[in-house]
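One structure is given below, encoded as structure tokens.
What follows is calculated from the coordinates using simple rules that are stated; it is not laboratory data. As the structure is a computational prediction, the values presented were derived from the model and not from experiment. Cβ placement follows ideal geometry from the backbone for every residue including glycine, while neighbour counts extend to all protein chains displayed.
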């Protein structure tokens, strides 16, 4: 079920877009609240837009920034494009995997705090390697800098993590 | 002398509407709006020699001239007759390109002024900004700038009166490289998958929602206010070595000072790398470079004196593309670099046509094998065959030909490295 808050935002969206053009934006509104698009969310958004679920699914699966699987509290977009690769992507990737306890990318840490995703060039090539955590850009990365950044997000995480757990519980 | 970047302070906040106007901002919009007809502006842009700076290099004036004019003669009431659209392509996703980010974050009003002049010149009713999702800071700054202009248009400010008849909408992409291709972008704006459309009909005739539409890159649109303000002759004269205008050139890779510089169009790669980027990092030697992002052909140190402009680079066997150079140094593996590039292209192929959808993962898997020491004799020939099957005319759009440009040229210039990987069954750059 879409929440009242989500419905209000979706109604706002339809004030400036037709239902058809609003598909990806509508998914992003719901994703902003829930972190990802579950089958149930997809069903509800399709019903709201008057679209076939399968049509909306073709859009949901096409775009990189619409998540059809659950993600952690923070989404890390690690640039794996060419300039970052030349400038030391590999040691940065290794440190992230070690720190998050992941065998490979993409993946979500066991504490559900971070999801690590590969991303296309973030347009910060003069300060490569680069990554984003949520909407924040981090440049000139080194393994040591990865430790600092993750520590920062972890230290502010205690209350946030419990909120995220509540969010997941609500969906069930 | 700076033009496009004159208001950009590195690391600082961009100018507000009031500050931008205090430095002469929106004077060009006022001049266009009250002193020129749409046709005058188009003629000026054509004379300026401006070409599309998103990578394709199509003459901007010609692109604009294909837009039908329902009004016939020019009029000073834009938006009352036409039902066309103009779109700013701010979906900068080309690996190695980081110039549009600088323009959007550094001086959002310049980009919006360019877009508004284009909308007036093309008699468009709506203007869109198509921005990539990851440019979160640019999104915030653009929203603020649009709000400032909207507020000014409701405050009786005569310069912005016409703004009320042109809607400017910011669309934030859900993320896919194909959105940067202009017809893919239109499909994305319409709410669908960003697959390419057949051309003809060209977007200027049948574009967004079936209406005439012009799609221009951020940097291209940022040139427009200056051309209107100071004239086509002035703009042409800014170029060097027979080229017109200015260009934001970028350098990334193992140089001392990676970055972006506003320079005359036609500056050489040598000047850019050795003077502006401070030369190669200690002990490293330049082995090759991609002149304009991931989808351009490799050139080598032998091409350093080639002017970085559309025609000279085409003659040299590559493309200007985005004008952001990616350097390959002698301690970086050319096979690994080709593998990185093809991994990107295989991932971003939209899957619409078979050669691209299936061919690119195949090139990636052969490159994986070669780089990991599993290469076999015949792999190089297989890669060359795949490049041929993905060449222009074999696929639906320009994505796959762009994807194999760096690969085919790497096989040409660095062939011995590919052979050595296969012979020795290892990558010697990994120590």
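With Cα atoms as the point set, segment B:321-431 shows a radius of gyration and Dmax of 13.6, 41 Å.
When the Cα convex hull of segment B:189-320 is projected onto planes of every orientation, the mean area is 10.6 nm². Using a Gaussian network for chain B with springs between C-alpha atoms less than 10 Å apart, which of these wobbles most: B:374, B:287, B:236? Result: B:374 has the largest fluctuation of those listed. Relative to the longest principal Cα axis of chain A, at what angle does helix A:53-62 sit, 0 to 90 degrees, rounded to 10? Approximately 20 degrees, to the nearest 10.
Cβ-to-Cβ counts within 10 Å put B:354, B:3 in ascending order as B:354, B:3, the fewest first.
Scaling against 2.2 N^0.38 Å puts the C-alpha radius of gyration of the protein assembly as shown at 0.96. Going from the fewest other Cβ atoms within 10 Å to the most, the residues B:158, A:33 appear in the order B:158, A:33. Shielding of peptide B:251-261 by partners, expressed as the average count of other chain Cβ atoms within 10 Å per residue Cβ, is 3. For peptide A:57-68, the mean count of partner chain Cβ atoms within 10 Å of a residue's Cβ comes to 4. For the peptides B:84-93, B:275-284, the ranking by mean Cβ contacts within 10 Å, running from highest to lowest, is B:84-93, B:275-284. Once both axes come from the Cα atoms, what is the angle between helix B:38-48 and the longest principal axis of chain B, in degrees from 0 to 90, rounded to 10? For helix B:38-48, the angle is close to 40 degrees. Across peptide B:93-101, the mean count of Cβ atoms from other chains lying within 10 Å of each residue's own Cβ comes to 6. Cα-based values for segment A:76-138, radius of gyration first and Dmax second, are 11.1, 33 Å.
In the protein assembly as shown, the DSSP beta bridges split such that about 45 percent are antiparallel, to the nearest 5. Note that segment B:274-379, at 10 °C in a medium of 1.306 mPa s, gets a Stokes-Einstein diffusion coefficient of 103 µm²/s from its Kirkwood radius over C-alpha pairs.
In terms of packing, defined here as the mean over residues of other Cβ atoms within 10 angstrom, the peptides B:315-325, B:165-175 line up highest first as B:315-325, B:165-175.
Among A:67, B:135, a tally of other beta-carbon atoms within 10 Å of each Cβ gives an order, fewest to most, of A:67, B:135. A viscosity of 0.890 mPa s and a temperature of 25 °C, combined with the Kirkwood radius over C-alpha pairs in the Stokes-Einstein formula, give segment B:1-159 a diffusion coefficient of 148 µm²/s. Dividing the helix sum by the residues of the protein assembly as shown, where each DSSP H run of 4 or more adds -39500 (n - 2.57), gives a mean residue ellipticity at 222 nm of -13500 deg cm²/dmol. For chain B, the share of DSSP beta bridges that are antiparallel, to the nearest 5, is 40%. Convex hull volume per residue, computed on the Cα atoms of chain B, equals 131 Å³. Radius of gyration over Kirkwood radius for segment A:46-91, both on Cα atoms: the Rg/Rh ratio is 1.20.
Of all DSSP-defined beta bridges confined to chain A, some 55% are antiparallel rather than parallel. Against chain A, whose longest principal axis is taken from its Cα atoms, helix A:23-34 shows a tilt of about 70°.
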